[in-house]
Amino acid sequence: MTSRSDLVREKLEEMIVEGAFSQGERLDEVKLSQRFDVSRTPLREAFQALAASGLLVLEPRRGAFVRFPALEEVFEMFEVMAELEAFCCRLASRRVTPAFLADLEETVVECRQAVASDDVNRYYHANERFHGLIYEASGNSFLGAEATRLHRRLKPYRRLQLNNRGRMAHSLAEHGRVVEALTRGDAEAAANEMRAHIAIQGGKFNDLIVSYRRTARKAG
């Protein structure tokens with residue numbers, strides 16, 4: 001079950017990446033508590049999670065302030081994420097079990113249904129589960145923990161990408177190719193497909209720049 005702090009984090013994350021707050025703006029705890037009908041505790045837990053993803057800066061006795069990382073920082077994180085997830089896939093191709101493959105197929109079905117209904121939030125959550133399963137299937141808990149940590153930091157920008165026209169359908173096709181490679185036990189193909197899925201290059205590079213700048217202009 002999703003906790004109240006997780007629900008608040010998701011809503012705030014969505015508002016920030018859609019430009020609802022200005023760069024450096026201080027978030028009003030009283031107003032946000034009333035808006036989301038929650039106490040200060042889940043709100044502050046949400047602030048901590050957003051600070052970990054780089055979207056907020058927490059200053060003692062002053063509060064939480066909105067921060068939009070430089071584009072270069074975002075791209076560098078995606079570069080590292082692509083290699084971490086490719087490594088997870090390489091290991092998973094040798095260690096994945098039929099049960100894990102069945103679970104991965106379920107997430108692909110969920111993503112397909114989200115694409116059909118044009119439901120970004122539903123796709124976003126199914127996508128998280130897809131990647132989490134691959135981290136687990138790698139059989140390397142340290143690698144999985146590092147991938148999970150960076151995945152959390154990149155959540156807002158992965159959500160931002162999904163809002164681009166046609167991105168969900170392309171992402172779904174990429175998931176399918178990753179699962180096919182894992183099913184065949186083809187480590188090289190699985191790693192390459194995942195790297196291409198995560199890497200910000202070509203059209204995805206341009207789309208993310210446009211989306212990010214649009215958000216920054218709205219927030220300014």
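The values are calculated or read from the model by the stated rules, or taken from the named source; none is laboratory data. Keep in mind that this is a model prediction, so the values were computed, not measured. Cβ sites come from the backbone with ideal geometry, for glycine too, and all protein chains shown count toward neighbours. Note: areas computed on protein heavy atoms with side chains; ligands, DNA, RNA excluded. Shrake-Rupley method; radii C 1.70, N 1.55, O 1.52, S 1.80 Å.
Tabulated data for the structure shown
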| quantity | calculated |
| --- | --- |
| Filter result (under 29 Å from Arg165 (Cα atoms), out of contact with any helix residue (DSSP H, G or I) (no Cβ under 7 Å at 6 or more places or on another chain) and of a type in the set (Val, Ile, Thr)) within region 94-130 | Val109 |
| Top-ranked residue in region 1-39 [being hydrophobic (A, V, I, L, M, F, W, C) and part of a loop (DSSP other than H, G, I, E, B); ranked as surrounded by the fewest Cβ atoms within 10 Å (Cβ to Cβ)] | Met1 |
| Residue list for region 164-196, filter: in a helix (DSSP H, G or I), polar (S, T, N, Q) and open to solvent by less than 50 Å² (accessible area, probe 1.4 Å) | Ser171 |
| Options Leu58, Leu84, Leu43, Leu91: the member that is open to solvent by less than 30 Å² (accessible area, probe 1.4 Å), at pLDDT 90 or above, touching a helix residue (DSSP H, G or I) at 6+ places or on another chain (Cβ under 6 Å) and hydrophobic (A, V, I, L, M, F, W, C) | Leu43 |
| Filter result (free of Cβ contacts under 8 Å to residues at least 40 places away in the same chain and under 21 Å from Ala196 (Cβ atoms)) within region 73-101 | Glu76 |
| Residue within region 102-123 that is in contact with a Gly (Cβ under 9 Å, 6 or more places away or on another chain), open to solvent by 20 Å² or more (accessible area, probe 1.4 Å), free of Cβ contacts under 8 Å to residues at least 60 places away in the same chain and more than 20 Å from Ile198 (Cα to Cα) present | no |
| Residues being buried (at least 17 other Cβ atoms within 10 Å of the Cβ) and β-branched (Val, Ile, Thr) - total across region 61-80 | 2 |
